[in-house]
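Written below as structure tokens is the structure these notes are about.
Just so it is clear, none of the values below were taken in a lab; they were calculated from the coordinates. Worth saying up front: this structure is predicted, and the values here are computed from it rather than measured. All Cβ positions, glycine included, derive from the backbone under ideal geometry; neighbour counts span all protein chains shown.
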Amino acid sequence: AQKVTQAQTEISVVEKEDVTLDCVYETRDTTYYLFWYKQPPSGELVFLIRRNSFDEQNEISGRYSWNFQKSTSSFNFTITASQVVDSAVYFCALREYSNSGYALNFGKGTSLLVTP
Amino acid sequence: DAGITQSPRYKITETGRQVTLMCHQTWSHSYMFWYRQDLGHGLRLIYYSAAADITDKGEVPDGYVVSRSKTENFPLTLESATRSQTSVYFCASSDVVSGTYYEQYFGPGTRLTVT
């Protein structure tokens, strides 16, 4: 069963628009970690944020912000005033405490295209 | 170079051949991972290692073998390559300190084509 769902397969916005990427996760653990990674066209995976299940405080980093809501099992990612360089595939991932090896369960990704 | 590196970056091989993908990290992270990325599937875990000489299977281990004799290296071997193993392979490493799990850092990937 898919533990991380990114329902938006592709999103296209015009530069300077705000865009929110949705991530819904499923776990029975009370202790877990959530992550977002960015994969630009060059192909590497870039770490963006880590959040543990006990820290529901939202986070802002420049134009990026994350909204973690345990009540809805969501960890959404918003880019404010999007730029062409934000074009990439974004992955949400879950690491459960009970998951041996500390491996990540990735969603299938959301492809974001920002056009000028 | 510091960080995590993979070699080769691109590889074309024939069905039935053995091929080894290399992964090297300089952080002395205890955990290392191999993922494959395929369109429509996202990233799926092949194998992971908690320390030198400790390895275990992930979600899609069939047809792959790993070893970890040194902390910094985690090679992935396809014993007899098949076309279904055409994919982009990512190696990753992470640290766990006093129960705190830190993020995984990924190598640049190896694009493998099996003809």
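Observations on the structure shown:
- Order of A:Arg95, B:Arg111, B:Arg68, B:Arg17 - criterion: other Cβ atoms within 10 Å of each residue's Cβ, fewest first: B:Arg17, B:Arg111, B:Arg68, A:Arg95
- Separation of region B:81-101 from region A:21-100 is 18 Å, based on Cα centroids.
- Each Cα pair under 8 Å and six or more residues apart adds its sequence gap; the mean of these over the residue count of chain B is a relative contact order of 34 percent.
- Cysteines in the protein assembly as shown that, by Cβ-Cβ distance, have no pairing candidate under 4.7 Å: none
- Global geometry of region B:4-105, whether rounded, prolate or oblate, following the gyration tensor of its Cα atoms and the 1.5 cut on a/c: prolate
- The phi-based Karplus calculation (6.51 cos²θ - 1.76 cosθ + 1.60; θ = phi - 60°) puts the 3J(HN,Hα) values of region A:69-86 at 10, 5, 4, 10, 6, 10, 9, 8, 10, 10, 10, 9, 6, 4, 10, 4, 5, 7 Hz, whole numbers, x for Gly and Pro.
- Highest average packing first - A:13-22, B:74-83, Cβ atoms within 10 Å: B:74-83, A:13-22
- Under a model in which nothing but the beta-carbon of Lys, Arg (+1) and Asp, Glu (-1) is charged, chain A shows a dipole of about 240 debye around its Cα centre.
- Overall dimensions of chain A by Cα: Rg and Dmax, Å: 13.8, 44
- Among B:Thr71, B:Thr55, B:Thr100: highest mean-square fluctuation, GNM of chain B, C-alpha pairs under 10 Å: B:Thr100
- Distances between placed amide hydrogens fall under 5 Å for A:Val89 paired with A:Gln39, A:Leu112, all partners being 5 or more residues away or on another chain.
- ³J(HN,Hα) computed for each position of region B:14-27 - Karplus, 6.51 cos²θ - 1.76 cosθ + 1.60, integer Hz, glycine/proline x: 9, 3, x, 7, 8, 9, 10, 9, 9, 9, 9, 10, 9, 8
- Residue-wise HN-Hα coupling along region B:67-81, computed from phi with Karplus coefficients 6.51, -1.76, 1.60 (Hz; x: Gly, Pro): 8, 8, 7, 10, 4, 7, 10, 8, x, 10, 10, 9, 5, 8, 4
- Sorted peptide list for B:9-16, A:40-47, criterion being average Cβ within 10 angstrom, highest first: A:40-47, B:9-16
- Near B:Trp27, the amide H atoms lying under 5 Å from its own belong to B:Gly3; only residues 5 or more places off or on other chains count, and H is placed 1.01 Å from N.
- Near the amide H of A:Leu21, within less than 5 Å, lie the amide hydrogens of A:Phe77, A:Thr78, A:Ile79, all on another chain or at least 5 residues away, with H placed in the peptide plane.
- A:Glu10, B:Glu103 arranged by Cβ crowding within 10 Å, fewest neighbours leading: A:Glu10, B:Glu103
- Across peptide A:31-44, the mean count of Cβ atoms from other chains lying within 10 Å of each residue's own Cβ comes to 2.
- The calculated FRET efficiency for the pair B:Thr77 and A:Val84, based on their C-beta separation and a Förster distance of 45 Å, comes to about 0.65.
- Ranked B:Phe90, A:Phe68, criterion: other C-beta atoms within 10 Å, fewest first: A:Phe68, B:Phe90
- Residue by residue along A:56-67, Cβ atoms of other protein chains within 10 Å of the local Cβ number 0 on average.
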